[in-house]
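First the structure, in the form of structure tokens, and then the observations on it.
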Amino acid sequence: MSKTKTKIREEIIPKSEAPVATETTTITTSFHDFGLNDTIMAAVAKAGYVNPTGVQAQAIPHLLAGQDVLAQSQTGTGKTAAFGLPLIQNIDLSNNTVQALVMAPTRELAAQVAGELTIFSNNSAKIALLVGGQPFAPQVRSLRMGAQIVVGTPGRILDHIGRSTLNLSTARMAVLDEADEMLALGFQEDVEAILGGLPEGKQTALFSATLPPRILSLAEKNMNSPVRLKIGAVRGTVAELTHSGCLVPHGKKREAMTRWLLHEMPESAIVFCATRKESAELAERLRGTGFDAEPLHGEMVQNERDRVMNAFRDGRLQVVVATDVAARGLDVPSVSHVFNYDVPRDAEQYLHRVGRTGRAGRTGAAITLLERKDARLWRNIEFATGKPIALLPVPTVAQISVRRLESWEVKLREQITQLGSEASRAIVGSLSDEFGAQNVAVAALDIAMLSAPQQELTGEDLTVAEVRPKIVSPALIGLNMGRLEGIRPGDVMRMITTEIGLPGRLVGVIELQEHTTTVEIRTDDSEGLCRKLGAARVHGKRIKARVIRESGAQAMRDAEPPRQHVHSGGDHTFAKHHKRHKH
């Protein structure tokens, strides 16, 4: 286990002016160096983690030592393991009270964190997931069964505290994940209320991509002389890989996936999907078009997963269509291609996926299918990895035909160098005397090509004309409640992100009046969004929503996320707002 001596600048933030301390710290290059227990180390190995990332190497020792940590770290740097491994190590599995609390800005991230913690504990820790948009009863049951770790969004956590279904008096550790986004979504008051109700002397870890003044103020109020760490974004990729993106028209990803497999003719490929359902359906589609393909996802029983993996390792299976959790620890050196059927959520997931190919000194290819809605996420991955990635068109049917002929030429050249059977040579000799050697060879090639699995392609041109995909400019939605009904910007943002499930980055200006509120939201279905909002509640009251201004398409270069700010003007009716925004 090798270690390197490196200087880390650590800023200690007490309640007064923050002095800066510089010390020589050992950077850990193996998870074995942390002193984690055997259960966690087995889970780490099973999950496929090899060496700690920068944020893990710097944060884990401090958290294991019981110190508070304020870490500036981008998405995709391995934050969940950075706080999750010490959290699992430090809880008492024989004690069925809440010992740790993790807050995340969205229900999707909270669910992801809960899943990772389950993996790190090897399913031994009791974890309750408390998020909006889900019924209360199952969450209450999980708390009553003795949850040791609570993971959730601030709004729903506060709701459970208010209903006395969640008791945090025994919590010894609190984690804020993506704290800057949490505050941008209007959760600051909720977060401060939750932290203020936790026991004195608790350990706190705060992870944020940026550290604006309000994050530093939050840390100063709620943390005990935290060690401040700054970790750079993920910048490494597998050197032996060629990386490509492919713009695909909406609804044509399955056709595009088939074409890429026919064009590339991979020796052994992994196709990554976001969901189990998509994994199973895509594998079935590929089998129907002649490929040896099988799904690999978490709902499969262990013997089925073993059967698929053994066939894949032995070369009897050409394509595995996998979810990320199922593919953790997947190590098959012969994999020549990785396809991202669904775009990875961040750079860490991208690197984990594409790292399945280009192993043991081999070359490999990573190809990601992109729709218009994925443009910003893809750009973030490019930025985080420090590598601009070429965008390629979907292969045409003509290009696929040329590649098939080229592959048969390669096969023929390889076969010619080997001695055929005597029976075959006798037949070819006899036919050559009668029809000529060239005609016999052409006929044999035609028969071989026709006997190969035939994939039906539409012949449709799947080229996306735009150099940059288009995304949607915001619609203006009116709500029938305002300041005098006690509505705050955070209430509106929480309703949209937790009850409706939209990412906060799609929400723009929230403007409060006395009895009405307007909010800008990027959506391609304004009416459908209003119907969903009409089923939501704020302060226990059902709201009414209507479209004031429809959304419209605009070029991606003009479609940066809107700055989120709030106006509090006088009362305006929906009609007045419509007139105001008409032009």
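The values are calculated or read from the model by the stated rules, or taken from the named source; none is laboratory data. Everything quoted here is computed from the prediction, not taken from an experiment. With ideal geometry, Cβ positions are generated from the backbone for all residues, glycine too; neighbour counts draw on all protein chains shown. Accessible surface areas use protein heavy atoms only, side chains included; no ligands, DNA or RNA. Shrake-Rupley method; radii C 1.70, N 1.55, O 1.52, S 1.80 Å.
Observations on the model:
- Filter result for ASN90 (within 28 Å of ASN37 (Cα to Cα), open to solvent by 10 Å² or more (accessible area, probe 1.4 Å) and either of a type in the set (Gly, Ala, Ser) or out of contact with any strand residue (DSSP E or B) (no Cβ under 8 Å at 6 or more places or on another chain) (or both)): no
- Taken over region 186-215, residues that are surrounded by fewer than 16 Cβ atoms within 10 Å (Cβ to Cβ) and closer than 21 Å to HIS62 by Cβ amount to 4.
- Residue that is least open to solvent (accessible area, probe 1.4 Å), among those in region 138-160 that are under 24 Å from ALA536 (Cβ atoms) and more than 25 Å from the chain's Cα centre (by Cα): HIS160
- Subset tally (residues that are of a type outside the set (Val, Ile, Thr), touching a strand residue (DSSP E or B) at 6+ places or on another chain (Cβ under 7 Å) and buried (at least 20 other Cβ atoms within 10 Å of the Cβ)) for region 105-124: 3
- Among the residues making up region 39-73, a single one is among the hydroxyl-bearing types (Ser, Thr, Tyr) and touching a Lys or Arg at 6+ places or on another chain (Cβ under 8 Å): SER73.
- Residue within region 63-76 that is surrounded by fewer than 21 Cβ atoms within 10 Å (Cβ to Cβ), part of a helix (DSSP H, G or I), at pLDDT 85 or above and not hydrophobic (A, V, I, L, M, F, W, C) present: no
- Against the list (1) under 29 Å from the mean Cα position of the chain (by Cα); (2) at pLDDT 90 or above, the condition GLY236 fails is (2).
- Scanning region 507-536 for residues that are of a type in the set (A, V, I, L, M), touching an Asp or Glu at 6+ places or on another chain (Cβ under 9 Å) and closer than 15 Å to ALA475 by Cα turns up VAL507, VAL509, ILE510, VAL519, LEU533.
- Subset of region 288-311 that is part of a loop (DSSP other than H, G, I, E, B) and either more than 24 Å from the chain's Cα centre (by Cα) or not acidic (Asp, Glu) (or both) - its residue that is nearest to LEU261 (Cα to Cα): PHE291
- Any hit, region 382-389, residues being under 20 Å from PHE339 (Cα atoms), open to solvent by less than 80 Å² (accessible area, probe 1.4 Å) and modelled with pLDDT of 75 or more: yes
- Taking region 37-62 as the range and being surrounded by fewer than 20 Cβ atoms within 10 Å (Cβ to Cβ), in contact (Cβ under 8 Å) with a residue 40 or more places away in the chain and outside any helix (DSSP H, G or I) as the test, the residues that pass are ASN37, ALA47, GLY48.
- Sub-7 Å Cβ pairs linking a first residue in region 374-398 that is more than 20 Å from PRO503 (Cα to Cα) and among the charged types (D, E, K, R) to a second residue that is at pLDDT below 75 and surrounded by 14 or more Cβ atoms within 10 Å (Cβ to Cβ), at least 6 apart or interchain, are LYS387/THR237, ordered by first then second residue.
- Region 196-207 residues that are without any contact (Cβ under 8 Å) to a residue 60 or more places away in the chain, paired with ones that are open to solvent by 40 Å² or more (accessible area, probe 1.4 Å) and not polar (S, T, N, Q) (beta carbon under 6 Å, 6 or more apart): LYS202/ARG172
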